[in-house]
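The structure appears below as structure tokens.
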Amino acid sequence: MTKITNDLFLRAARKESVNRIPVWYMRQAGRSQPEYRKLKAKYSLFEITHQPELCAYVTKLPVDQYGVDAAILYKDIMTPLPGMGVDVEIKSGIGPVIHNPIKTYQDVEKLTIFKPEIEVPYVLDTIKLLTDDMLEVPLIGFAGAPFTLASYMIEGGPSKNYHQTKSFMYREPDVWAMLMEKLGRMTADYLIAQINAGASAVQLFDSWVGALSRPDYATYIRPVIEKIVLEIKAVHPTTPIIMQAVGAGHLLAEWETMPLDVVGVDWRETLTDARKKVPSKAIQGNLDPSTLLAPEKCLEETERILQEGILKPGYIFNLGHGVFPEVSPEMLKKLTAYIHDRSEILLNKG
């Protein structure tokens, strides 16, 4: 296995001291890179992820181009769902489309047990390729969390309000619990398999769970998240687990009392306010991705965020959500260098 020569990300995730702030960007692999766009003209997302050499190349590209302190596996949160019997297609300009959406108890009952080594060996092969031969920074594995996956499976695709998902949750609590149990089992097994293959940390993307109130989260979602995290920790107690959501500042206090290591914060919440809600966790975030199209504002916000971030150990610079296609790769390269250089000055002022 290739030795990790830059462990800044892992040290920050464990709230250890660092000499500069580590940085990586959600959706850093692909999206705006010209090399990736050439590949996408020839291959679909699923076709790329099924070819370990190609997928590893896309995953490593931002590490080489931007100088970030961690790689995140290139794939989609939908990747494991076909292995459960879900007919999913990634449509350009739309996102995931589910052709057999969940409507009834029978639909949930039909979902099959997911076995990572059988259903997604190409994902595990990609991880092994990256961590055996290619990367000198930590590799982050990830999975979609149960609520976010369920929202696509019930709505049939992206939603702005999650009315169908939430009404299903309220009307059919027993069926919902069964769906959460099946998705939770898959998520835990999937993330454990990624760590076994070589991932140094894992992130749960519960992108849309901010649509729920805190009481609903505590009732309908928290039990399955706790189970996932505890199952991972039972096998890999020292592997950092990150929770990431959007518009979920009201749920931070829920995550403070879970055995998570890092909590992602979006731009709606200052790092200072977030730390009051999750004092025991490392935090990650929280630049508004839209500022990447306004360079002066981007650097102004980055400076403010760094000034807050350095106040306590356990801070990882990231976006509050993901890189989008219009972002210039050169901007991300310059931003990474600025974060490294400026944070080193701030951290070593004393």
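The values are calculated or read from the model by the stated rules, or taken from the named source; none is laboratory data. What you see is a predicted model; the values in this text were computed from it and never measured. Virtual Cβ from ideal backbone geometry, glycine too; neighbours counted across all protein chains shown. Calculation scope for accessible area: heavy atoms of the full protein, side chains included, ligands and nucleic acids excluded. Shrake-Rupley method; radii C 1.70, N 1.55, O 1.52, S 1.80 Å.
Structure summary
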read-out	value
Flag if LYS182 is closer than 28 Å to LEU332 by Cα, modelled with pLDDT of 95 or more and over 17 Å from the mean Cα position of the chain (by Cα)	no
Where ALA248 falls short, out of the listed (1) among the small types (Gly, Ala, Ser); (2) crowded, with 21+ Cβ neighbours inside 10 Å; (3) over 25 Å from ALA150 (Cβ atoms); (4) free of Cβ contacts under 8 Å to residues at least 60 places away in the same chain	(3)
Qualifying residue in region 214-231 (condition: of a type in the set (Phe, Trp, Tyr), open to solvent by 10 Å² or more (accessible area, probe 1.4 Å) and either more than 15 Å from the chain's Cα centre (by Cα) or at pLDDT below 95 (or both))	yes
Residue within region 80-95 that is loosely packed, with under 15 Cβ neighbours inside 10 Å, among the small types (Gly, Ala, Ser), in contact (Cβ under 8 Å) with a residue 60 or more places away in the chain and not in a loop (DSSP other than H, G, I, E, B) present	yes
Scope region 30-66; condition within 28 Å of HIS340 (Cα to Cα), open to solvent by 10 Å² or more (accessible area, probe 1.4 Å) and in contact with a strand residue (DSSP E or B) (Cβ under 8 Å, 6 or more places away or on another chain); matching residues	LYS60, VAL63
Selection count, region 67-78, where residues are open to solvent by 20 Å² or more (accessible area, probe 1.4 Å) and of a type in the set (A, V, I, L, M)	1
Filter result (over 25 Å from ILE4 (Cβ atoms) and open to solvent by 30 Å² or more (accessible area, probe 1.4 Å)) within region 194-213	TRP208, ALA211, SER213
Residue count, region 162-212 (criterion: assigned to a strand (DSSP E or B) and of a type in the set (A, V, I, L, M, F, W, C))	4
Cross-chain or 6+ apart pairs with Cβ under 8 Å, region 220-234 first and closer than 23 Å to ASP174 by Cα, then part of a helix (DSSP H, G or I) and of a type in the set (Ser, Thr, Tyr)	ILE228/THR187
Subset of region 18-52 (residues that are among the aromatic types (Phe, Trp, Tyr) and modelled with pLDDT of 90 or more)	TRP24, TYR25, TYR36, TYR43
Residue among GLU330, GLU300, GLU326 that alone is open to solvent by 70 Å² or more (accessible area, probe 1.4 Å), modelled with pLDDT of 95 or more and within 19 Å of VAL58 (Cα to Cα)	GLU330
Given (1) crowded, with 17+ Cβ neighbours inside 10 Å; (2) not in a helix (DSSP H, G or I), number of the condition THR126 does not satisfy	(2)
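Residues checked against (1) within 27 Å of LEU260 (Cα to Cα); (2) open to solvent by less than 10 Å² (accessible area, probe 1.4 Å):
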{"position": "LYS110", "(1), (2)": "no, no"}
{"position": "LYS115", "(1), (2)": "yes, no"}
{"position": "TYR122", "(1), (2)": "no, no"}
{"position": "VAL137", "(1), (2)": "yes, no"}
{"position": "ALA145", "(1), (2)": "yes, yes"}
{"position": "SER151", "(1), (2)": "yes, yes"}
{"position": "GLY156", "(1), (2)": "no, no"}
